[in-house]
1. Need one word for the range 124-190: rounded, prolate or oblate. Basis is the Cα gyration tensor (sqrt eigenvalues a ≥ b ≥ c); a/c below 1.5 gives rounded, then a/b vs b/c decides.
2. Please list, in order along the range 104-112, the HN-Hα scalar couplings obtained from phi with the Karplus expression 6.51 cos²θ - 1.76 cosθ + 1.60 (θ = phi - 60°), rounded to whole Hz, x for Gly and Pro.
3. To the nearest 10 Å², what's SER47's accessible area with a 1.4 Å probe?
4. With each label point set 7 Å from Cα along the Cα-Cβ vector, what nm distance links HIS155 and SER188?
5. Starting from the Cα gyration tensor of the range 43-133, take the square roots of the eigenvalues, sort them a ≥ b ≥ c, and report rounded, prolate or oblate (rounded when a/c is under 1.5, otherwise prolate if a/b is larger than b/c, else oblate).
6. Between MET55 and LYS88, how many nm apart are label points set 7 Å from Cα along the C-beta direction?
7. Place +1 on the Cβ of every Lys and Arg and -1 on the Cβ of every Asp and Glu in the chain, take the dipole about the Cα centre, and give the residue among VAL24, ASN34, ASN13 whose Cα lies farthest towards its positive end.
8. Quickly work out the LEU121-to-HIS178 label distance, labels modelled 7 Å from Cα along the C-beta direction, and quote it in nm with one decimal.
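The values are calculated or read from the model by the stated rules, or taken from the named source; none is laboratory data. None of the values given here were measured: they were computed from a predicted structure. Every residue, glycine among them, receives a Cβ derived from its backbone with ideal geometry; neighbour counts consider all protein chains shown. Keep in mind that these areas ignore ligands, DNA and RNA; they rest on the heavy atoms of the full protein, side chains included. Shrake-Rupley method; radii C 1.70, N 1.55, O 1.52, S 1.80 Å.
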Amino acid sequence: MKVSIWRSLPHENAPLFRLLHILVAVLILAQIINSNFTRREALGGHSLETTITWMHIVSGFGLIVLGIVLLWWMFSQRGFNWYFAWAKADFRGIRQDLNTLAKLKLPEALPGGIAATIQGLGVVALLAVAVSGGLWFVVNTIQGPSSAFAHSILHWHKFLTTFIEVYFYAHGAMGLLHIFLDYYKRYSAE
């Protein structure tokens, strides 16, 4: 069972990307869950809230590193235009994917397509959330919790978190749909 689930995961030909993808997904899920139990006031304490808050901070810094590695890997393998063609007003990939979807078929990954665009925006959202959280921690540490600047950064961090949560759930749902459809195609042909 474990082997068949592992084989059904995407990016079989890119084990580093697959591992990064899974590690980032698990850390994001942990961040979403543990963020409900974090408190800025708990940073100097010795409670369960303190431990959870520090786990959130440390794994957030880990996500900054993993997000940069993920973005570097994406650019080194496929380049900027693959994920951000829209930034150069090139919407051909998205248009082609929409035409494929209109025929009730799932599009293949292509430069500037919907999947590539979503992947690129997702990594940008990840980095925006993680960097804003890291920046809040640094400013909060230097200026103190009563700092208006730290409060403003924390507000932006929480606002940006909305985008990564939407991305996380939608991306996960689409990933599960692809796995299910691939599984269905594979075993219905037999």
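1. Details: a/c = 6.81, a/b = 4.69, b/c = 1.45.
Prolate, since a/c reaches 1.5 and a/b exceeds b/c.
2. Result, rounded to whole Hz: 6, 10, 7, x, 7, 5, 8, x, x.
3. 50 Å²
4. 5.1 nm
5. It comes out prolate by the Cα gyration axes.
6. If labels sit at MET55 and LYS88, their model points lie 4.4 nm apart.
7. About the Cα centre, the residue reaching furthest to the positive side is ASN13.
8. 1.6 nm
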